[in-house]
1. Please work out which residue is farthest from MET29 (Cα to Cα), limiting yourself to region 75-97 and to residues that are without any contact (Cβ under 8 Å) to a residue 40 or more places away in the chain and not hydrophobic (A, V, I, L, M, F, W, C).
2. Could you grab me the full set of residues in region 233-262 that are more than 17 Å from GLY309 (Cβ to Cβ) and touching a Phe, Trp or Tyr at 6+ places or on another chain (Cβ under 7 Å)?
3. Kindly list, by first and then second residue, each pair from a residue in region 51-62 that is crowded, with 16+ Cβ neighbours inside 10 Å to a residue that is part of a helix (DSSP H, G or I) and modelled with pLDDT under 95, limited to pairs with Cβ atoms under 8 Å and residues at least 6 apart or on different chains.
4. Could you say which residue among ARG292, ARG314 is within 21 Å of GLN188 (Cβ to Cβ) and basic (Lys, Arg)?
5. Would you mind stating whether GLU140 is farther than 25 Å from ILE66 by Cβ and out of contact with any Pro (no Cβ under 8 Å at 6 or more places or on another chain)?
6. How about region 244-268: which of its residues are of a type outside the set (D, E, K, R) and touching a strand residue (DSSP E or B) at 6+ places or on another chain (Cβ under 8 Å)?
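The values are calculated or read from the model by the stated rules, or taken from the named source; none is laboratory data. This one's a predicted model, so the numbers in the text were calculated from it and none came from an experiment. Cβ placement follows ideal geometry from the backbone for every residue including glycine, while neighbour counts extend to all protein chains displayed.
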Amino acid sequence: MKVLLVGGTRFVGRHLVEELTRRGHDLTMFNRGTNNIFPQLKTIIGDRNIQNDIDKAVGENWDVVIDTCAYFPRQVQMLGSIVHSDALYVLISSISVYKNQEIPGLQENAELISISEDTPEQITGETYGGFKILCEKAAEKIGTRSLIIRPGLIVGPHDTTDRFTYWPYRISYGEKVLVPDCPRAPLQFIDARDLAVFIVNSIEKGSTGAFNLVNSPGEFCFEDLIAACYRVTGSQAAKIAVPEDFLLSKGVESWSDLPFWSPGKSSNFMLVSNRKALNNGLKTRTLEETVRDIYNWFTAEKKNSLKAGLAKNREEQLLLEWQSVNKVSGEV
């Protein structure tokens, strides 16, 4: 198939490129050309926010247009000039589109967030999901078939956010590691490589509609992640499990300070249904494989700092305060 991939090639786009080319599809990329890691492939250099740049791709009769980076509906609307009526438009959306995120088992037909089309274009925690919904609605108006992918947190090698990466790397060194005391909290994500395989499979089958892309609800919990990190890294660091109430009282932020920590009912958003995707062929790799590949990639890159997670000095201070109060040491 003749495929146009809109977006960068640092993370999700990179894995899509590798899967599409592995299967022999005729792939062209459209991006700003700042990360040319596939020089053998045709690239249309342009900014998706400039219509004249997008129009460089007009007249190519694409079978598929994959949009990895639409955040605002106008960006989807602007692609209308290159998506003909018989093409398949693939939009990477998000499970953040659901309104009642504290309800476990959300399916694709669950109530969605409502946001005004006049909302100023600024991405925040409050507007991200709403703008993704507007993007989905804009896709419907293009007048072609659409495949809407709603992933959970996307993880894997080349992830630039370091959120998942924090745990194997942090556990790999030091004498003590602070972890939130929520061992049975549910854990959901999607490996970028599994996402890429699902998208390409769906394209080849002509699938349309919306799909939640996450591992199965209840398959993993937080202690499974921590245990996998210890096995992969061979770490001997003592695990200090600190109660959630103490962490919250000290101003520790979920996700930014401790990735995948979702205190209280917010952890129910890690129980989204993936049944529809499973019925359409979704396959997910093991947790340990994802942890191992991320850790090996990160260490091979010789990186020694993370964009996510507690700073070392703050973690040490929190451990001192907790152990002073409770007179504990070693694993709790």
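1. Only one residue tops the list, namely SER96.
2. PHE246
3. ILE54/MET78; ILE54/LEU79; ILE54/SER81
4. Just one listed residue meets the conditions, ARG292.
5. Details: farther than 25 Å from ILE66 by Cβ: no; out of contact with any Pro (no Cβ under 8 Å at 6 or more places or on another chain): yes.
No.
6. Matches in region 244-268: LEU247, VAL252, LEU258, PHE260, TRP261, SER262, PRO263, SER266, SER267, ASN268.
This table checks each residue for (1) assigned to a loop (DSSP other than H, G, I, E, B); (2) in contact (Cβ under 8 Å) with a residue 12 or more places away in the chain; (3) crowded, with 18+ Cβ neighbours inside 10 Å.
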site	(1), (2), (3)
GLU108	yes, yes, yes
GLU136	no, yes, yes
PHE164	yes, yes, yes
VAL179	no, yes, yes
ARG184	yes, yes, no
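Each row is one residue, and each column tells you yes or no for (1) modelled with pLDDT under 95; (2) assigned to a helix (DSSP H, G or I).
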residue	(1), (2)
LEU5	no, no
HIS15	no, yes
LEU20	no, yes
MET29	no, no
ASN36	yes, no
GLU60	yes, no
